[in-house]
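Report on the structure given below.
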Amino acid sequence: MTNSKPRNQKLQEKILKDIQQNNISILQTLKSQNPLFHWSSISYKQTGDTALHIAARLGHLAMIDYLLTEYSPCLVNIKNKDDKTPLHEAAQFTQLHSVKKLCSYGADVNALRRGDWTPLMLACTKIQSAVSLSIVQNLVDKGAEINYPNKDGWTCLHILAREGGLEILDYLIGKGLIVDLKTRNGRTALHITALHGNKEILSKLLKYLNVNSMDGCGNTPLHEALLGQHLDLARILVENKANIHITNNSGLSLLHLVATQDSTEIIEYVLGELNFDVDYCGNKNGWTAAHCAARKGSKEVFEYLITKGADVSLKDNFGRTAKEYFNLLH
């Protein structure tokens, strides 16, 4: 195919800006000047976005029809520099009608952008939109693979655990979503939703997943909830028999971990409601919570631990006290 490609990049960008304004006439003019002209010959230099990417993202349906019927070949799956197709754009920007239109032209619902993300996975990042469920349903109806893992082992399940979207999660579970899949570093969806504070998702996943499952670092969902400073979720996990005494692969307990989080409220919960000894050690470095807070440089937490009776003169396995670590940073 021979293309008549505008040589000047500024001219290309002017044409693309006209397309953003849904100005079909600019393309009609170019095509009348040279019948061999194809819209795919112009794109943004930095992103590689073409007219079809723009039209899909902005919901310009007449433009999509024009681009895919008046030019040969029909490049419905053209990719930009991130390997995103127009369907990726439509899904990410919650353009339901663009999704339907592109699918009607045979768009690949399982196309992979860089990082191995499908249009369905991008749609699951936009749960705040009222049309997100409809987009997900349309993609699944067209054959979207709901359990596809990206290079990090994340599927739609893990994305929804991070973002929320209980209605979409329920729908996908009904369509065969595998709920106990782990990421490459051994994290379950329960770990992810605990860290990001999605209470409804957490309550749902507790029906399916082991509350004490450990990821590749040895952290449990309870560790993650406290690292994310989500006390309400931590309490739900404890009520559902989360083991408060599990230490991770570094030998760090709940108390050690929360001592690094600059939150006296979280420390108070672990010391009070979970009844931890303020000088509990139990790890290979011989650190107490005061050591952890001091090494982190958290003055507020360090001083709070002292008010709770922490002995800052205790030495770790390197012969240093928490007070010495604190003095090094202050």
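The values are calculated or read from the model by the stated rules, or taken from the named source; none is laboratory data. The structure presented is a predicted model; accordingly, all values stated were derived computationally and were not measured. For neighbour counting, all protein chains shown are included, and Cβ atoms are generated from backbone atoms with ideal geometry for every residue, glycine included. Only protein heavy atoms, including side chains, enter the accessible area calculation; ligands, DNA and RNA are left aside. Shrake-Rupley method; radii C 1.70, N 1.55, O 1.52, S 1.80 Å.
Remarks
- Here Arg187 passes the criteria (1) assigned to a helix (DSSP H, G or I); (2) crowded, with 24+ Cβ neighbours inside 10 Å except the one numbered (1).
- The set of residues in segment 128-171 that are surrounded by fewer than 20 Cβ atoms within 10 Å (Cβ to Cβ), of a type in the set (A, V, I, L, M) and part of a loop (DSSP other than H, G, I, E, B) comprises Ala130, Val131.
- Of all residues in segment 101-119, those being under 23 Å from Leu160 (Cα atoms), of a type outside the set (Gly, Ala, Ser) and not in a helix (DSSP H, G or I) number 9.
- One residue stands out among those in segment 226-251 that are over 18 Å from Asn275 (Cβ atoms) and open to solvent by less than 30 Å² (accessible area, probe 1.4 Å): the one that is farthest from the chain's Cα centre (by Cα), which is Gly251.
- Residue match in segment 282-298 (condition: surrounded by fewer than 18 Cβ atoms within 10 Å (Cβ to Cβ), polar (S, T, N, Q) and either over 26 Å from Leu237 (Cβ atoms) or within 33 Å of the chain's Cα centre (by Cα) (or both)): yes
- Exactly one residue out of Ile192, Ile201 is open to solvent by less than 30 Å² (accessible area, probe 1.4 Å), within 24 Å of Tyr148 (Cβ to Cβ), touching a Ser or Thr at 6+ places or on another chain (Cβ under 7 Å) and aliphatic (A, V, I, L, M): that is Ile201.
- Every pair of residues 6+ apart whose Cβ atoms lie under 6 Å, when the first sits in segment 114-135 and is touching a residue at least 24 places away in the same chain (Cβ under 8 Å) while the second is assigned to a loop (DSSP other than H, G, I, E, B) and of a type in the set (D, E, K, R): Arg114/Asp82; Arg114/Asp83; Asp116/Lys151; Ser132/Lys126
- Check on Lys323, touching a residue at least 24 places away in the same chain (Cβ under 8 Å) and in contact with a strand residue (DSSP E or B) (Cβ under 6 Å, 6 or more places away or on another chain): no
Residues checked against (1) of a type in the set (S, T, N, Q); (2) open to solvent by less than 60 Å² (accessible area, probe 1.4 Å):
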{"residue": "Thr47", "(1), (2)": "yes, yes"}
{"residue": "Arg57", "(1), (2)": "no, yes"}
{"residue": "His60", "(1), (2)": "no, yes"}
{"residue": "Leu67", "(1), (2)": "no, yes"}
{"residue": "Ser72", "(1), (2)": "yes, no"}
{"residue": "Val76", "(1), (2)": "no, yes"}
{"residue": "Lys79", "(1), (2)": "no, no"}
{"residue": "Asp82", "(1), (2)": "no, no"}
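- For Ser263, the conditions (1) polar (S, T, N, Q); (2) open to solvent by 30 Å² or more (accessible area, probe 1.4 Å); (3) closer than 16 Å to Leu231 by Cβ all hold with the exception of (2).
- Some residue of segment 140-150 being farther than 22 Å from Leu222 by Cβ, under 16 Å from the mean Cα position of the chain (by Cα) and of a type in the set (S, T, N, Q): yes
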